[in-house]
1. If you check A:GLY166, A:GLY158, A:GLY179, which single one turns out to be of a type outside the set (D, E, K, R) and part of a strand (DSSP E or B)?
2. Only one residue in A:ALA342, A:ALA373 is within 14 Å of A:GLY35 (Cα to Cα) and touching a residue at least 12 places away in the same chain (Cβ under 8 Å), so which one is that?
3. Quickly run through the stretch B:374-395 and pick out the residues that are crowded, with 23+ Cβ neighbours inside 10 Å and touching a strand residue (DSSP E or B) at 6+ places or on another chain (Cβ under 7 Å).
4. Looking only at the stretch A:28-49, how many residues end up being more than 10 Å from chain B (Cβ to nearest Cβ), farther than 19 Å from A:ARG298 by Cα and touching a helix residue (DSSP H, G or I) at 6+ places or on another chain (Cβ under 8 Å)?
5. Can you tell me which condition B:TYR127 does not meet? The list is (1) buried (at least 21 other Cβ atoms within 10 Å of the Cβ); (2) more than 10 Å from chain A (Cβ to nearest Cβ); (3) of a type in the set (Phe, Trp, Tyr); (4) in contact with a Leu (Cβ under 6 Å, 6 or more places away or on another chain), and all the others hold.
6. On the basis of being crowded, with 21+ Cβ neighbours inside 10 Å and in a strand (DSSP E or B), does A:LEU339 make the cut?
Protein chains: 2
Amino acid sequence: MVEYILATRNRRVPRSFIREILKVAGDPDIISFAGGLPNASLFPVRELRKAVNDLFDSRGADPLQYAASEGFGPLREWVCQRYKKRFGLEYSPENVLITTGSQQALDLAGKVFLEDGRSAVMERPGYLGAIQAFSLFTDRIIQVPMEDDGFDLNLFEGALRRGSAGVVYLISNFQNPSGASYSLEKREAVARICEEYGVPLLEDDPYGELRFSGEDLRPVTSFMESGGVLLGTFSKIGVPGFRIGWMTAESEILDSLIVVKQAADLHTSAFDQQVAWQYLENEDIDKHIQDVRELYGRHCDLMISLIEEHFPAQVRYTRPDGGMFLWITLPDGCSSLELFEAAVRQKVAFVPGTPFHADGGGENTMRLNFSNADERSIEEGIRRLGKCIKEYLGK
Amino acid sequence: MVEYILATRNRRVPRSFIREILKVAGDPDIISFAGGLPNASLFPVRELRKAVNDLFDSRGADPLQYAASEGFGPLREWVCQRYKKRFGLEYSPENVLITTGSQQALDLAGKVFLEDGRSAVMERPGYLGAIQAFSLFTDRIIQVPMEDDGFDLNLFEGALRRGSAGVVYLISNFQNPSGASYSLEKREAVARICEEYGVPLLEDDPYGELRFSGEDLRPVTSFMESGGVLLGTFSKIGVPGFRIGWMTAESEILDSLIVVKQAADLHTSAFDQQVAWQYLENEDIDKHIQDVRELYGRHCDLMISLIEEHFPAQVRYTRPDGGMFLWITLPDGCSSLELFEAAVRQKVAFVPGTPFHADGGGENTMRLNFSNADERSIEEGIRRLGKCIKEYLGK
């Protein structure tokens, strides 16, 4: 067997760990809080079917042909209208690029902003998909501790002061994995610091529409004059199977992003873009989002009340105002990986915290998803998990 | 205005040249042979609509959820069955990765096989999308002259003998842009040389099903024991708007490709994959492909007979057995870019040959697409183009 020489970058991408975990958690007998799936019971199946048929009636073969790399014009226009409606922000469709899910936005930004020696500065714990995407383009990922209200600002400014930062990446609302959101003060501060050091800010916001308590805050990038790149996605307000996301940026940056977008996949599915647009035209998306918020809010409340009932008092947890995840911290010295093995034997699963830490650490942390399981499974699963934790701590 | 520091790779990707040309050629008054679009009049609109509705009936919300990075199992199985039916080749679904168009396969292979100093060895002239994708990952693209029947073998072997080749890339049938195909002898020789020097071979075959004369030959990679990666696409046998392609490779290579696939966009649209599969289940794809072959064959014959009638005798052209393109060579010293400007004034467009040459050259060459325009437009367009060439040569 010939051994082919692969590029160095292959050796530094986090590989199979989380895929292995999700594989274990995919066992239908297991109650899984491990994945990051939206709840399919709310998918607008009938409405999307109508949108497809409307589209075939009105546009025929057009959604089936090659299309522009930038994306479908009316969908780019919808993105702008949405930010205007939610925050009064003015974007122009020319500043919107449709991506193949917001994961692709991380790939494109990595290509444009990163190279070996130019770091990606992000949260600790941070989104695993971003660590994976960025580590293909730089040998330097710097994680700044995530507090209850965003980056630790001293350490964040320190990371930029060192120079050589290529991009800052953050999730402003209901962060994956911690569930925490940036306060208004930290939004302003992060925006100011990025501008001061001339580092572009990649603001990911997949969960912002999924708020079930508190008040929406403006995107961090909206506090910047330039250098802000804001990401969004159809995956959490509509369906993830379409792989439709977007990024907004000023022209100079967007031009570079479009060039690498074209090289990546020419364009995002023209069919899915047009179906998504037709669906958004036909339906009241706010009403649908309200249904999603209510369900996820109920699930989150239920999970927290069960945690309070079944987990030992020394276990800490976050209390998110939206999104899909909460974050558990076991007492110092505990290993969530060991707990994972015990939990799987009891037919319940979660994601241990280490993969969200690019350079190790977080051994005593874990992520729980509350969007996907039904209420009975949440009750039974948290009960089982509480029992496992008690046994583990009682060792 | 802050100037952000972008990664070095941004400076070496071929940028707007061809996009500008396609923009000019997009003027509805212009008869364009510039793009590379399949003919939408043959798109199976009714059949795809039926497939979508069948799918909603039978699988409900399933095609709308997140899915596996590897792709939809039954579609991977179909890919294997297709190679078995066409060539008697045995692939296992575990060795198939579904990609977001075959353009994405180039991005993934670039990530896995290339880095600065490790060259991509490809044809000259070569596919522009590959030059774009590879130049993001290596500073070294080596183009080996393309003859009527494939690589110039001496120069090809010389390129590998130099060492440091990360991957060989070729289009085995009806190459873009030249229209030329590899002979059986060159298939065997290229396979042997790749194995001898231990360099993986990325064989792109978007047009192989579009043969309108001659006999199908086995893929180049089928002559290799290991290191062969074969690409295919739904874009030319079905529709390109879905962005569905695939790559087959041995497990060691495929594992690395799946890791970078996951970082690129998590997975290809689950919806489009399932719709494509349902369509392939419902319909007789061979009958549809036969219709496409016949139309493109008629268009190609027509274009060649018009070239013979209207172009000066010193203009050379290829005579492809399939695909979508033919390749024109003007006398030495001519500039197809100058001709392009004159042609656009006469409302006819093509792609000048220089962008298919990564390091310059090909000034007197140009690519004509015969799949997209209708027969009346081909007649009128080639007449106009002949007039322009005569005027240009008569200067």
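1. Being of a type outside the set (D, E, K, R) and part of a strand (DSSP E or B) holds for just one of A:GLY166, A:GLY158, A:GLY179, which is A:GLY166.
2. Testing whether each residue is within 14 Å of A:GLY35 (Cα to Cα) and touching a residue at least 12 places away in the same chain (Cβ under 8 Å) leaves just A:ALA373.
3. Correct list: B:GLY381, B:LEU385.
4. Qualifying residue count, the stretch A:28-49: 2.
5. The single condition B:TYR127 does not satisfy is (4).
6. Working: crowded, with 21+ Cβ neighbours inside 10 Å: yes; in a strand (DSSP E or B): no.
Here the answer is no, as A:LEU339 does not meet what is asked.
Yes/no matrix, rows are residues, columns are (1) in the same structural domain as B:ALA343 (by TED's automatic domain parsing); (2) surrounded by 15 or more Cβ atoms within 10 Å (Cβ to Cβ); (3) hydrophobic (A, V, I, L, M, F, W, C):
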{"position": "B:ASP27", "(1), (2), (3)": "yes, no, no"}
{"position": "B:PHE33", "(1), (2), (3)": "yes, yes, yes"}
{"position": "B:ASN39", "(1), (2), (3)": "yes, yes, no"}
{"position": "B:LYS50", "(1), (2), (3)": "no, yes, no"}
{"position": "B:ASP54", "(1), (2), (3)": "no, yes, no"}
{"position": "B:ARG59", "(1), (2), (3)": "no, no, no"}
{"position": "B:LEU64", "(1), (2), (3)": "no, yes, yes"}
{"position": "B:SER69", "(1), (2), (3)": "no, yes, no"}
{"position": "B:LYS84", "(1), (2), (3)": "no, no, no"}
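To keep it simple, each residue is scored yes or no on (1) more than 14 Å from every other protein chain (Cβ to nearest Cβ); (2) under 30 Å from A:ASP62 (Cα atoms); (3) free of Cβ contacts under 8 Å to residues at least 12 places away in the same chain; (4) not aromatic (Phe, Trp, Tyr).
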| position | (1), (2), (3), (4) |
| --- | --- |
| B:TYR197 | no, no, no, no |
| B:ARG211 | yes, yes, no, yes |
| B:GLU215 | yes, no, yes, yes |
| B:SER222 | yes, no, no, yes |
| B:GLU225 | no, no, no, yes |
| B:GLY228 | no, no, no, yes |
| B:LYS236 | no, yes, no, yes |
| B:ARG243 | no, yes, no, yes |
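The values are calculated or read from the model by the stated rules, or taken from the named source; none is laboratory data. Please read all numbers here as calculations on a predicted model, not as lab measurements. A quick note on method: Cβ atoms are made from the backbone with ideal geometry, for glycine too, and the neighbour counts reach across all protein chains shown.
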